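The values are calculated or read from the model by the stated rules, or taken from the named source; none is laboratory data. Please read these numbers as outputs of a predicted model, since none were measured by experiment. FYI the Cβ positions are ideal-geometry reconstructions off the backbone, even for glycines, and counts take in every protein chain you see. These area figures cover heavy atoms from the full protein model, side chains too; ligands, DNA and RNA do not enter into them. Shrake-Rupley method; radii C 1.70, N 1.55, O 1.52, S 1.80 Å.
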Amino acid sequence: MTGSDTGTRCGFIALIGAPNAGKSTLLNALVGAKVAIVSAKPQTTRMRVLGIAIEGQSQLIYVDTPGIFSPKRRLDRAMVHAAWAGAGDADIVALVVDAGRKTIGEDTRDIVARLRAAGQPAILILNKVDATERPRLLAAAAELNAAFAFTDTFMVSALTGDGLEDLRRAFAERVSAGPWLYPEDQLSDLPTRLIAAEITREQLYLQLGQELPYASTVEHETWEEREDGSVAIRQAILVERPGQKAIVIGKNGARIKAIGEAARKELTESLGRPVHLFLHVKVQEKWAEDPSHFKEVGLDWKA
């Protein structure tokens with residue numbers, strides 16, 4: 001039976017934007033559950049993350065993409081490539097902009113210029129309106145719409161939920177008729193082991209955001225189902241230099257213990273069962289150039 005027969009609709013909605021525009025927070029708010037990690041540090045999202053939500057008869061498949069900026073490293077290039085690939089494959093493209101900034105950033109201007117050159121329809125979402133004065137909000141909307149003919153402009157706060165109901169309804173009306181692609185209770189397409197590694201990486205950013213540079217990541221190693229219903233997860237935190245390893249471990253192991261405890265608590269809540277989380281730190285100078293790491297998180301090493 002086709003979607004037109006059942007009345008169902010389905011479509012992919014790409015959330016693109018400059019780093020720190022609040023895309024991941026918005027994704028989580030639209031889905032109603034945490035499917036993407038969040039931190040105040042720009043470029044937290046490194047891969048394409050799908051968040052799946054139901055709105056009436058419509059299944060909305062949100063694509064959270066890495067922030068688009070001027071890439072310098074191979075990893076940066078792969079992240080930006082993934083973002084534009086997500087936009088190219090989507091049924092609806094939504095540019096998310098931090099409305100709280102005093103001026104429109106260069107990264108956002110470059111994204112708008114590329115959308116204009118491609119002639120690709122897009123919706124404008126001005127985020128963080130809870131932290132923006134109305135004159136600044138209206139000025140940003142006017143400036144961006146003068147630069148590109150957005151089909152619609154929405155003003156929302158992913159943090160407070162303001163404006164999200166109208167945004168969900170608009171997406172639900174605009175996706176095409178068709179069958180749902182995922183089970184009704186599925187919230188994301190990420191493997192559980194990868195979600196677990198992302199939860200630990202989020203704690204790295206939250207607890208060491210000012211001390212540890214971007215040269216760190218978390219890799220899944222093993223997943224052991226135990227007879228008592230619990231699961232034992234082993235992960236490696238990769239850094240580039242011995243000095244970074246010392247930062248992650250902390251004095252007498254206090255920092256890595258705190259990171260592990262916070263991640264374990266969230267994993268236990270997420271999985272709904274006891275979790276034993278074992279972390280260790282590895283110095284791997286060129287992990288960000290390793291093709292296997294790119295493959296693990298769905299990035300194109302050759303981008």
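Brief remarks on what is shown
- Test for V63: is it more than 18 Å from L124 (Cα to Cα), under 15 Å from the mean Cα position of the chain (by Cα) and either surrounded by fewer than 24 Cβ atoms within 10 Å (Cβ to Cβ) or at pLDDT 75 or above (or both): no
- Test result for A118, open to solvent by 60 Å² or more (accessible area, probe 1.4 Å) and free of Cβ contacts under 8 Å to residues at least 24 places away in the same chain: yes
- A count restricted to region 93-115 and to residues that are within 12 Å of P19 (Cα to Cα), in a helix (DSSP H, G or I) and open to solvent by less than 40 Å² (accessible area, probe 1.4 Å) stands at 2.
- Filter result (in a loop (DSSP other than H, G, I, E, B) and free of Cβ contacts under 8 Å to residues at least 24 places away in the same chain) within region 140-181: A149
- Meets criteria (modelled with pLDDT of 95 or more, on the phi < 0 side of the Ramachandran plot and in contact with a Pro (Cβ under 9 Å, 6 or more places away or on another chain)) for R226: yes
- Test: residue in region 97-104 that is of a type in the set (D, E), at negative phi, over 19 Å from the mean Cα position of the chain (by Cα) and at pLDDT 90 or above: no
- Selection of region 190-207 for residues being without any contact (Cβ under 8 Å) to a residue 40 or more places away in the chain and buried (at least 17 other Cβ atoms within 10 Å of the Cβ) yields only A197.
- The residues of region 141-152 that are open to solvent by less than 50 Å² (accessible area, probe 1.4 Å) and either within 25 Å of E173 (Cβ to Cβ) or touching a Pro at 6+ places or on another chain (Cβ under 9 Å) (or both), listed by number, are A141, L144, F148, F150, D152.
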